[in-house]
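Just so it is clear, none of the values below were taken in a lab; they were calculated from the coordinates. These numbers were taken from a predicted model, which means no experiment stands behind them. Please note: Cβ atoms are built from the backbone with ideal geometry, for glycine as well, and neighbour counts cover all protein chains shown.
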Amino acid sequence: MAIEDDVVVVGGGIAGMTAALAVAREGADVRLLSHKDSTLRSASGLVDVLGYPPDETGESSGPLADPFEAIPELPDSHPYRTVGVEGVRDALGLFDEVVGDRYRGGHTDRNALVPTHGGSIKPTARYPATAAAGLASDDRNALLVGFETVTDFDAPLAADHLVSAGVPFAARGATISFPGDFRVDAKITRFADALDADERVTVQGDGYATELPAREALAEAVKPHLRGEERVGFPALLGQHDTEAVRESLEAELGAAVFEVPMGPPSLPGMRLEGALVAACREAGVRFTTGNPVVDYESDGTAGGGEIGAVRVERNGASIPFHADQFVLATGGLVGKGIDSDREGVAEPIFDCHVPHSSDRYDWFADDAFGDHPFARFGVATDDDLRPLDQKGEPEFSNLRAAGAVLGGYDFAAEKSGSGVSLATGRAAGRGAALEVTR
Ligand SMILES: Cc1cc2nc3c(=O)[nH]c(=O)nc-3n(C[C@H](O)[C@H](O)[C@H](O)COP(=O)(O)OP(=O)(O)OC[C@H]3O[C@@H](n4cnc5c(N)ncnc54)[C@H](O)[C@@H]3O)c2cc1C
């Protein structure tokens, strides 16, 4: 039996889920097809809109105070120029509605400065509420606490980096062992679960052992290191689900504000954000079909503006068509496998959309390892309606839009714009697709 929806979104990252949500909110039927986990699980959970202006000269420029002021100055090829400042604002409005009080930053256009696990300071537009007490613009002295087995966060080193960066507060770091009998290779989710459930853990004292609830035991382990600091930062593992309760318990025990420092992969704040987006999509009626790749499509065969009738998902050797009126491509960039590159060239593997790039591979890279590498901006180019363009500048298909990291024209890592572009283009592509079927 043919499966038919108004809109099919391919890709389950922040762009695909935002697109699907936007479709559902316009009253159209939508199905989201996704193969594997998205980059949300690796990303910090911070929602960057624009932290640094794109710098094609290789000269370093400072962080941006107000990303919205900089958007009109971006090159025409940048996805933000396609959706416009209002498009970015509308997408952040949708995001704020979905995440509610789990995120902060919506009170201002200005970037917040959030310390990250390496001790660098990230200009970002939205940050988890659990990171709020850690802002670098806050002048309260801070103690950073790391754990012996969580080697990604070297608290004393991160504190030194913050001090060298000139933050307006004193910062110190301490490394402790997480109280209880945890395996040396315990994953951060194991510690988070123990804090969520407030498990009883065995604490070794001087010649005795006692059992304490995990949150109290952690606070007791930190207390000897506190020297009057008014806030304490931990790596982002304070619970998977009940983070606010864990944080509040620690604050009460320590008599200091407690915050999480965003971490690299695997990222609990990224997973929590993924959970919030999935829940919002389900509530809005989005249908999910996950675990298998979209490998191909069916079209009416007309070149330059032809129409897609279905995408094909490969499942156990069978090829299953998913029909729709409109399609959104949100398969990610080079990291998410939405864009493929090899010695022969750069390609978009499902619809074979044109990906502008030089045929000479040496032009893909800058000489300087930290320079402005053209490959970082590889992706599909679109018209004003986010429809991917072919080599001649015509829409590849009349009913295909693209969103997120599959788009070209921006370097998310250098600019710090990853989630912002995914949100803004995801919302615009989803809404555009829905309006085609509802009008
Ligand atoms: C390590 C890391 C850290 C980051 N840190 C930050 C940060 O701090 N702040 C920030 O704003 N941004 C950050 N980003 C960037 C941000 O995560 C991405 O720009 C953004 O999330 C991309 O979202 P996306 O939905 O376009 O793609 P992705 O998240 O890559 O999702 C693509 C989805 O498409 C699916 N897919 C791909 N091919 C197929 C197929 N053939 N069939 C079906 N499904 C398919 C994938 O399985 C996946 O679900 C980070 C990225 C990385 C990698």
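How about the range 192-208: which of its residues are on the phi > 0 side of the Ramachandran plot and either in a helix (DSSP H, G or I) or surrounded by fewer than 18 Cβ atoms within 10 Å (Cβ to Cβ) (or both)?
The one that is on the phi > 0 side of the Ramachandran plot and either in a helix (DSSP H, G or I) or surrounded by fewer than 18 Cβ atoms within 10 Å (Cβ to Cβ) (or both): GLY207.
Across the range 146-188, which residue is farthest from the chain's Cα centre (by Cα) among those that are among the hydroxyl-bearing types (Ser, Thr, Tyr) and more than 23 Å from GLY205 (Cα to Cα)?
SER164
Say whether the condition of being under 23 Å from THR116 (Cα atoms), in contact (Cβ under 8 Å) with a residue 60 or more places away in the chain and under 32 Å from the mean Cα position of the chain (by Cα) is met by at least one residue in the range 192-210.
For the range 192-210, residues under 23 Å from THR116 (Cα atoms), in contact (Cβ under 8 Å) with a residue 60 or more places away in the chain and under 32 Å from the mean Cα position of the chain (by Cα): present.
Give the residues of the range 26-53 that are among the charged types (D, E, K, R) and closer than 26 Å to TYR297 by Cα, sorted by residue number.
Matches in the range 26-53: GLU26, ASP29, ARG31, LYS36, ASP37.
Identify, please: which residue in the range 404-439 is within 18 Å of ARG387 (Cα to Cα), of a type outside the set (Gly, Ala, Ser) and more than 11 Å from the ligand (Cβ to nearest atom) and is, among those, surrounded by the fewest Cβ atoms within 10 Å (Cβ to Cβ)?
Keep residues of the range 404-439 that are within 18 Å of ARG387 (Cα to Cα), which gives 404-410, 421-437.
Next, only the ones that are of a type outside the set (Gly, Ala, Ser) stay: 406-407, 410, 421, 423, 425, 427, 431, 435-437.
With the extra rule that they be more than 11 Å from the ligand (Cβ to nearest atom), the set shrinks to 427, 431, 435-437.
Numbers: ARG427: 27, ARG431: 24, LEU435: 13, GLU436: 18, VAL437: 19.
That would be LEU435.
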